[in-house]
Structure formats: structure tokens, C-alpha cells
Amino acid sequence: MPFLPGYILVSHGPRYGSPVEELPGAQTQLLALQEQAARGDAQLHIMGHDYARKIRSRDDLPNLFRLLKDYRLNAEKTGLPARLTIDDYARLFRAADEAFRPELWGALLEYSDYIRDLRQRRPLNDLSQEMSMLIRNALLTPLKKRTPSRDRSDEQRAAQTAKARQMSAKARSTSARQAATALQQAYSKHIANTPGTSFREFLQSAGAEGLKNSQGKPWTYRTGLRAIRELKSEKG
């Protein structure tokens with residue numbers, strides 16, 4: 001019998017339980033994973049879980065990234081990729097601190113071949129731009145009752161896509177503004193401490209370390225300057 005390797009994030013309720021399947025915060029995810037295993041005549045194995053009321057860094061998800069790293073190493077050695085299954089990508093981002101979401105997105109993209117969720121059923125790097133924005137900005141609401149993909153009509157899929165597109169522009173604008181604000185504040189602080197420093201020099205300094213744009217990538221000279229100018233223009 002094949003087995004379904006699963007992962008659970010517990011973000012509320014008691015921290016300890018033996019086993020994790022007994023924790024109240026795991027029940028919704030556990031049910032979704034069990035239903036998926038039953039449909040595929042597979043045996044569910046919970047490979048690991050993390051407990052984090054708020055995710056602020058990779059250190060808050062040690063077991064998830066350990067598993068993903070192991071899966072990638074095993075695939076490189078054997079040529080046989082395996083995938084970890086979670087119930088919903090969006091669950092991770094709803095629990096993540098707003099400032100950490102771009103970094104979390106980038107970190108998960110590194111392992112997109114080795115993780116799937118039951119909601120999208122696609123790798124992260126294969127999602128539409130609209131859906132990606134909704135997920136990584138924690139705008140995708142939880143499913144009250146998960147609907148198997150085979151039972152979803154074309155109309156339901158179209159409605160989900162339409163909703164994603166409607167919210168995408170707002171999500172992109174909010175994310176870009178937040179990233180630009182963080183960049184501007186860091187630059188202002190750097191100038192206050194080292195007067196006369198150019199923006200290019202700032203980007204190469206320790207003060208710019210960890211700063212990312214809304215796509216989760218390091219700022220370049222041109223995009224950074226443009227973002228700051230647009231932010232100043234918005235403020236009048």
C-alpha cells in the first residue's frame with residue numbers, strides 16, 4: 001500500500017500532545033490529509049509537525065525545512081522525488097509575521113518540487129500571479145470545509161480565479177508599499193548615522209542586509225530608488 005507523507009502546522013491550542021494527532025490545533029489538517037489518503041488507497045504518515053503561534057523566521061519551522069531538505073537530498077541521490085503534503089499553503093502565511101512573509105515565500109520556492117498542498121494541488125512556482133499574491137500576503141481565507149478537486153465545477157474554479165484577480169492589484173500595491181517603506185526607513189537611519197552615504201553605498205552596507213522587495217528579492221539600485229521616489233510621491 002502506498003503512503004502519503006504529511007506535515008502539520010499547529011498554531012493554536014496546547015503545545016504538547018502524544019502523538020501530535022491528539023492536539024486540537026491539528027484536527028482540521030489531519031482530517032483533510034486522512035481524506036486524501038483514503039481517496040488514493042494510501043496510508044497516511046505524519047512525517048513531522050511544528051508548533052508556532054507566530055512564524056517570524058525559519059527557526060520557527062525547523063521540522064518543515066528539515067524534511068524539505070531531506071526530500072531534496074534524497075531526490076538528488078536517487079532520482080526519485082517524493083513530496084511532503086500539507087493541507088493549505090495559505091496556512092503557513094496566515095501564521096507568519098507580515099515582515100517575514102516575503103522571505104518565507106522565497107524559502108518555500110526553493111523546495112517547490114518537494115511540497116504540495118491539498119487546496120491548490122500545484123507547486124508554488126506553478127501558481128498564477130494572482131493566487132501567489134493572495135497566498136503570500138495572507139489574503140486567502142481558510143476553507144471551512146475542504147472540497148475535493150474532482151468535485152469542483154468549472155464555475156467554482158472560475159469564481160476562485162475571478163476573486164483572485166480582483167484582490168491581486170490591491171495585494172500587490174500593499175506589499176510593494178510595505179517593502180518600500182522598510183527600505184526608506186532603513187536608508188534614512190543609515191544616512192543619519194553616516195551622513196553623505198550614497199544610496200548605492202547603502203545597498204552594499206550591513207544596513208541593507210535582509211531588505212527585500214515585494215517579490216522577496218534583494219533591492220537593486222534602480223528599483224530601490226524608484227520605489228522610494230514613488231513612496232514620497234504618494235505622501236505628497
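Values quoted throughout were computed directly from the atomic coordinates according to the rules given, and no laboratory measurement underlies them. All values reported here derive from a predicted model rather than from experimental measurement. We place every Cβ from the backbone using ideal geometry, glycine too, and count neighbours over all the protein chains shown.
Quick query: amide H of residue 115 versus all other amide H atoms, modeled in the peptide plane; which residues come in under 5 Å with a sequence gap of 5 or more or a different chain?
Counting only residues 5 or more places away or on other chains, the set is 84.
Listed here are the pairs 54/232; 54/212; 54/77; which of them are more than 26 Å apart at the Cα? List each step's numbers first, then the result.
Values: 54/232 32 Å; 54/212 20 Å; 54/77 35 Å.
In this structure, 54/232; 54/77 exceed 26 Å between Cα atoms.
Going by amide H atoms built from the backbone, whose H comes under 5 Å of the H on residue 3, apart from near neighbours?
The answer is 43.
What distance in nm lies between label points placed 7 Å from Cα along the C-beta direction at residue 192 and residue 15?
About 3.5 nm, to one decimal.
Among DSSP beta bridges whose residues both lie in the chain, state the antiparallel percentage, nearest 5.
Values: 1 of 14 bridges.
In the chain, DSSP labels about 5 percent of beta bridges as antiparallel.
Given the Cα-Cα distance of residue 231 and residue 59 and 0.36 nm per residue of separation, how much length would full extension add, in nm?
Numbers: separation 172, 0.36 × 172 = 61.92 nm, distance 3.22 nm.
Result: 58.7 nm gained on full extension.
For residue 55, list long-range residues whose amide hydrogen, built 1.01 Å from N in the peptide plane, is under 5 Å from its own amide hydrogen.
Distant-sequence amide H within range of residue 55: 96, 97.
Give a residue-ordered list of calculated ³J(HN,Hα) values for the stretch 105-119 (Karplus: 6.51 cos²θ - 1.76 cosθ + 1.60, θ = phi - 60°; whole Hz; x for Gly, Pro).
Once rounded to whole Hz, the list reads 4, x, 5, 6, 4, 4, 10, 4, 7, 10, 8, 9, 10, 7, 8.
Determine, from the Cβ-Cβ distance of residue 141 and residue 113 and an R0 of 22 Å, the FRET efficiency 1/(1 + (r/R0)^6), rounded to the nearest 0.05. Please report the intermediate quantities before stating the final value.
Numbers: r = 27 Å, r/R0 = 1.24.
For residue 141 and residue 113, the calculated efficiency is 0.20.
Which value at 222 nm does the chain reach when only helices count, each DSSP H run of 4 or more adding -39,500 (n - 2.57), with the total divided by all residues and rounded to the nearest 500 deg cm²/dmol? Don't skip to the end; give the middle numbers.
Numbers: 8 runs with 113 residues, N = 236.
Estimated from H runs of four or more residues: -15500 deg cm²/dmol.
Quick check: Cα centre of the stretch 193-236 to Cα centre of the stretch 32-106, how many Å?
For the stretch 193-236 versus the stretch 32-106, the Cα centre distance is 32 Å.
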